[in-house]
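The values are calculated or read from the model by the stated rules, or taken from the named source; none is laboratory data. None of the values given here were measured: they were computed from a predicted structure. Glycine also receives a Cβ, built like all others from the backbone with ideal geometry; neighbour counts cover every protein chain displayed. SASA here: full protein model, heavy atoms, side chains in, ligands and nucleic acids out. Shrake-Rupley method; radii C 1.70, N 1.55, O 1.52, S 1.80 Å.
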Amino acid sequence: MNELGDGTRVVHSVSGAPGDPFGAQPVFASAYHLGGQDYYGRAGNPTWRALETALGSLEGGECVVFPSGMAAISTLLRTVLSAGDTLVLPSDGYFLSRKFVSGMDVEVVEAPTAGPYPSFEGVRLVLLETPSNPGLDVCDIASLAEAAHAAGALLAVDNTTATPLGQRPLELGADLVVASDTKAVAGHSDVLFGHVTAASAELADRLREARTVNGAIPGPFETWLVLRGLGTLDLRLERQAKNAEALHRLLKGRVAGLRWPGAPDDPAYLLAARQMRRFNGVLTFELPDAAAVGDFLSRSELVSAATSFGGLHSTADRRAQWGDPVPEGLVRLSAGCEDTHDLVADVSHALGLN
Ligand SMILES: *Cc1c(COP(=O)(O)O)cnc(C)c1O
């Protein structure tokens, strides 16, 4: 059979077996009658496994879930890195990843997302983020994975912006995928969640063990909310990408610094089109200053100020307010699932374009 489409894959990844409910139900137990697969809720849980099976099948590896994206990233970093190791990080990657390692006895080498990257000789881990956030630059996962492996380093990709449907880093040679499912995967702005998917069962075992020992585990109810969200990821991404494309068309030539890797005239397009499977709803642009962003947000009726992305609702975030090293007026806009013509009309009005 040909490979199934994304809609079929996400729906059936969360649909349960014949005779079971459609979709795993949350199991809240702490202790189990001994003799079955589960014995204690910190070590394993059937609701986690349902989501881990779904995400693992979409990404082509073994998934371990965590209570937030940062819990996934920090556990990955603590598990893979030892004192004295060297880590390569993108300078425009998620700011808390940088902050977390600043508290570890690890040497950090930063590189712009699009490169050039330093030699990976002596490096233990390369943690890429592509498309990066908020710059939306893209790097070549396959060639960087090859360079990392040639130097004996592991390569991980923060796949939050792309989503499991938008990009499969393990197929491109990465050893690990890490993601915040708080964003598009859960998709409804009502839960924090994260996961790591490993190409090797050995790395997945070490991450699971670290989760059990560390004790910071996802709640079964939250896990179930992510399963609910995942089933409609294809539908939501499709509308969000359509909205982002329409907003890109509206804004082109009228705002500075416009970036959306799905646009053929974007500097990242050729690489993005080669290694990504589809695009998403996140775009970035610059208004003259913080006040102009404030005016835009107060005039818009459909775009809300919020510091997350990938959700059902259109949101915009002025990243400089959080300390990102970007211009004061840089906006990351996350196109939601509203009707395209409504969103375009609203943004056009709010920016005074008509
Ligand atoms: C949001 C985000 C995280 C952190 O995830 P949380 O679920 O908020 O802990 C990590 N990486 C990227 C790229 C993100 O956007």
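Across the range 77-143, the mean sequence separation of Cα contacts (distance under 8 Å, 6 or more residues apart), normalised by length, yields a relative contact order of 39 percent. The range 129-143 and the range 196-274 have Cα centres lying 12 Å from one another. In the assembled protein chains, Trp48 presents an accessible area of approximately 0 Å² (probe radius 1.4 Å).
For the chain, the share of accessible area belonging to carbon and sulfur comes to 54 percent (1.4 Å probe, ligands and nucleic acids excluded).
Scattering from the chain was approximated by placing one identical point on each alpha carbon and applying the Debye formula without solvent; log10 I(q)/I(0) at 0.09 1/Å stands at -0.49. With contacts taken as Cα pairs under 8 Å and at least 6 residues apart, the chain reaches a relative contact order of 17 percent.
Segment Arg228..His149, full-extension length gain: 24.8 nm, with 0.36 nm per residue of separation and the alpha-carbon distance subtracted.
Rounded to the nearest 0.05, what FRET efficiency do Ala29 and Glu3 give with R0 = 51 Å and r taken as the Cβ-Cβ distance? Could you check?
Values: r = 37 Å, r/R0 = 0.72.
E between Ala29 and Glu3, to the nearest 0.05, is 0.90.
When the Cα convex hull of the range 234-350 is projected onto planes of every orientation, the mean area is 6.9 nm².
Sorted on the mean count of surrounding Cβ atoms within 10 Å across their residues, most packed first, peptides 187-195, 246-254 read 187-195, 246-254.
Pull up the cross-link candidates among the lysines for Lys252, meaning alpha carbon to alpha carbon under 29 Å and not fewer than 8 places away within one chain. Counting by Cα, and skipping residues close in sequence, Lys252 has these lysines nearby: Lys183, Lys242.
Helix-derived [θ] at 222 nm for the chain: sum -39500 (n - 2.57) over DSSP H runs of at least 4, divide by residue count, nearest 500?
Details: 12 runs with 128 residues, N = 354.
The per-residue figure over the chain is -11000 deg cm²/dmol.
Can you give me the accessible area per residue for the range 162-263, using a 1.4 Å probe, in Å²?
Values: 3690 Å² over 102 residues.
Averaged over the residues of the range 162-263, the accessible area is 36 Å².
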